[in-house]
Amino acid sequence: MGGRYPHMLLILILLHGANAAIDAPVEKWQTLDGRPPLVIARGGFSGLFPESSKFAYEFAMTASLPGVVLECDLQLSSDGVGFCRSGLTLDKSTLIAEMYPKKDKTYKLGSEDIHGWFAVDFTSDELINNVTVIQTIFSRPSTFDAIMGMYTLDDMAGLHPQQIWVNVEFDGFYRDHNLDIEDYLLKLPKDYPIAYISSPDISFLKSIGGKLKGRAKLILRCLADNVTETSVKKSYGEILKDLKSVKAFASGIMVPRNYVWPVNNNLYLLPPTSLVKDAHALGLEVHVGSFANDILTSYNYSYDPAAEYLQFINNPDFTVDGLMTDFPPTASGAVACLAHNEANALASSKLWREATHYNAQWRKWRVRRLHGPCLPTSSERWCRHNRLLGSDVKRRCGLLPGLCRSHCQHDGSNHFHDKSCYHQ
Ligand SMILES: *[C@@H]1O[C@H](CO)[C@@H](O)[C@H](O)[C@H]1NC(C)=O
Ligand SMILES: *[C@@H]1O[C@H](CO)[C@@H](O)[C@H](O)[C@H]1NC(C)=O
Ligand SMILES: *[C@@H]1O[C@H](CO)[C@@H](O)[C@H](O)[C@H]1NC(C)=O
């Protein structure tokens, strides 16, 4: 591995993952069920690897908490095979346009015309063997572009994650092309650990809900609060004003961050909404996404991604039930090491004693690294610790911009102290 992908070792060294025993009793979490919040890896470790690829899913599992939930945005090929890939078209996140330059199409999605390359026009054989995936966010490493084929849901289930989250965004589009996502999901092998199925489409959730017989939890995926849901013709903001009606067809909701912690026009945090408490009072789970280390969402976090996770899980009033993230190792660190810091039973020696590792080098590194970040009393101290790790911050940031955010502090005037951390 070190030979073919020289950056890999460095990447391993930078991951602040935590294979902790998450079932250990910890200070009370204010999630719906009292258990630690879930870390949901959006397309795997998509902050580093092309989303929903073999490496993205494998590394999400090895560098995160053992209970990490692997998320798959489901698409179907013309022969009805399920692939994991976000969006509706394939040309932004794969090299399909180079391979099949003449197979682009324009289709209607609602009243909108969408142009691109669509999974429904390709066989699974074509997608698996001839289409490679790439990183879609250009500031993220391109090191792993064009070396992996598209990954199916079956491939991902073959990695044996504890739980899988399937997101279904465009059920109606597939039905227009004579492909039935509901049927596909209902026919999946019973031993696939599909724990959650989410969709922004209420009619899809209601329809599949009657047939799943409780095999997976259904989650209403709320888009921006001014976007209109197509089947009930109300905005997601309005729909959430009546949480009881949501409870009738879903076990929970997945919302953008600002539904819980809104920000003002200058990106400073406002007081939290009552959404999490209201939803919990009705027995609804609240998951929040999508977090990423390399997206600035509020200055209150001082560019420290760990501080942002803690805002949602370690405040006096509530803990959200799941964090969906492109950087599952960082979210894992926040849950297992930093939340409830002093009393966190997951911290310190127990963590690494129970951890599993691939090799001695990895193990040696973990002992040294996790002993540090799991003991601090504040996220500031954790960041300071991380900063001590490398003298060549700049080189490492060039490779992994997202993971370096915590090196930088906001100086109160919307400027960074250390610009070298941000060149992208
Ligand atoms: C894959 O690409 C190769 C080379 O262009 C071609 O010969 C082959 O037929 C393609 N396979 C599929 C399944 O499209
Ligand atoms: C929703 O709000 C955002 C930002 O406030 C705005 O950019 C967007 O145009 C709005 N969308 C609709 C459908 O009104
Ligand atoms: C965010 O930072 C601003 C400016 O320092 C402060 O006034 C505000 O109270 C902070 N918000 C929260 C929720 O901590």
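The figures follow:
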| item | result |
| --- | --- |
| Qualifying position, being modelled with pLDDT of 95 or more, aromatic (Phe, Trp, Tyr) and within 16 Å of ligand 3 (Cβ to nearest atom), among Tyr259, Tyr236 | Tyr259 |
| Residue in segment 186-197 that is β-branched (Val, Ile, Thr), exposed (fewer than 13 other Cβ atoms within 10 Å of the Cβ) and more than 16 Å from ligand 3 (Cβ to nearest atom) present | no |
| Given (1) farther than 22 Å from Ala41 by Cα; (2) away from ligand 2 (no atom under 16 Å from the Cβ), number of the condition Leu76 does not satisfy | (1) |
| Condition broken by Leu220, with the remaining ones in (1) over 27 Å from Pro329 (Cβ atoms); (2) surrounded by fewer than 18 Cβ atoms within 10 Å (Cβ to Cβ); (3) of a type outside the set (Phe, Trp, Tyr); (4) away from ligand 3 (no atom under 16 Å from the Cβ) satisfied | (2) |
| Odd one out for Pro329, checked against (1) away from ligand 3 (no atom under 16 Å from the Cβ); (2) part of a strand (DSSP E or B) | (2) |
| Residue match in segment 138-148 (condition: out of contact with any Phe, Trp or Tyr (no Cβ under 7 Å at 6 or more places or on another chain), part of a loop (DSSP other than H, G, I, E, B) and of a type in the set (D, E, K, R)) | yes |
| Residues of segment 265-303 classified as within 18 Å of Thr319 (Cα to Cα), within 16 Å of ligand 3 (Cβ to nearest atom), among the aliphatic types (A, V, I, L, M) and assigned to a loop (DSSP other than H, G, I, E, B), total | 1 |
| Test: residue in segment 160-167 that is in a loop (DSSP other than H, G, I, E, B), surrounded by fewer than 16 Cβ atoms within 10 Å (Cβ to Cβ) and more than 16 Å from ligand 3 (Cβ to nearest atom) | yes |
| Number of positions in segment 207-259 that are within 16 Å of ligand 2 (Cβ to nearest atom) and closer than 30 Å to Leu296 by Cβ | 19 |
| Where a residue in segment 222-239 is within 14 Å of Asp201 (Cβ to Cβ) and its partner, wherever it lies, is within 16 Å of ligand 1 (Cβ to nearest atom) and in a loop (DSSP other than H, G, I, E, B), with Cβ under 6 Å and at least six apart | none |
| Matching residues, segment 63-115, being within 15 Å of the chain's Cα centre (by Cα) and not in a loop (DSSP other than H, G, I, E, B) | Val69, Leu70, Glu71, Cys72, Asp73, Leu74, Cys84 |
| Every residue from segment 20-62 that is at pLDDT 95 or above, among the hydroxyl-bearing types (Ser, Thr, Tyr) and either part of a helix (DSSP H, G or I) or within 13 Å of the chain's Cα centre (by Cα) (or both) | Ser52, Tyr57 |
| Segment 125-144: number of residues that are buried (at least 22 other Cβ atoms within 10 Å of the Cβ) and among the β-branched types (Val, Ile, Thr) | 2 |
| So Asn315, is it under 24 Å from the mean Cα position of the chain (by Cα), within 16 Å of ligand 3 (Cβ to nearest atom) and part of a helix (DSSP H, G or I) | no |
| Hits in segment 208-249 (condition: farther than 26 Å from Asp180 by Cβ and either polar (S, T, N, Q) or in a loop (DSSP other than H, G, I, E, B) (or both)) | Ala224, Asp225, Asn226, Lys234, Ser235, Leu240, Lys241, Asp242, Ser245 |
| Sole residue being at pLDDT 95 or above and assigned to a helix (DSSP H, G or I), chosen from Tyr192, Tyr196, Tyr174 | Tyr174 |
| Total residues in segment 206-220, condition of a type outside the set (Val, Ile, Thr) and within 21 Å of the chain's Cα centre (by Cα) | 4 |
| Any hit, segment 281-303, residues being over 20 Å from Ala41 (Cβ atoms), under 17 Å from the mean Cα position of the chain (by Cα) and among the hydrophobic types (A, V, I, L, M, F, W, C) | yes |
| Selected residue (criterion: nearest to ligand 1 (Cβ to nearest atom)) from residues of segment 120-131 that are more than 9 Å from Ile96 (Cβ to Cβ) and not charged (D, E, K, R) | Asn129 |
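Let's see how each residue does on (1) within 25 Å of Leu109 (Cβ to Cβ); (2) touching a residue at least 24 places away in the same chain (Cβ under 8 Å):
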site: Leu220; (1), (2): yes, yes
site: Val260; (1), (2): no, yes
site: Asn265; (1), (2): no, no
site: Leu269; (1), (2): no, yes
site: Val288; (1), (2): no, yes
site: Ser298; (1), (2): no, yes
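The values are calculated or read from the model by the stated rules, or taken from the named source; none is laboratory data. Remember, predicted model here, so these are calculated numbers, not experimental data. Positions of Cβ are generated from backbone atoms using ideal geometry, with glycine treated the same way; all protein chains shown enter the neighbour counts.
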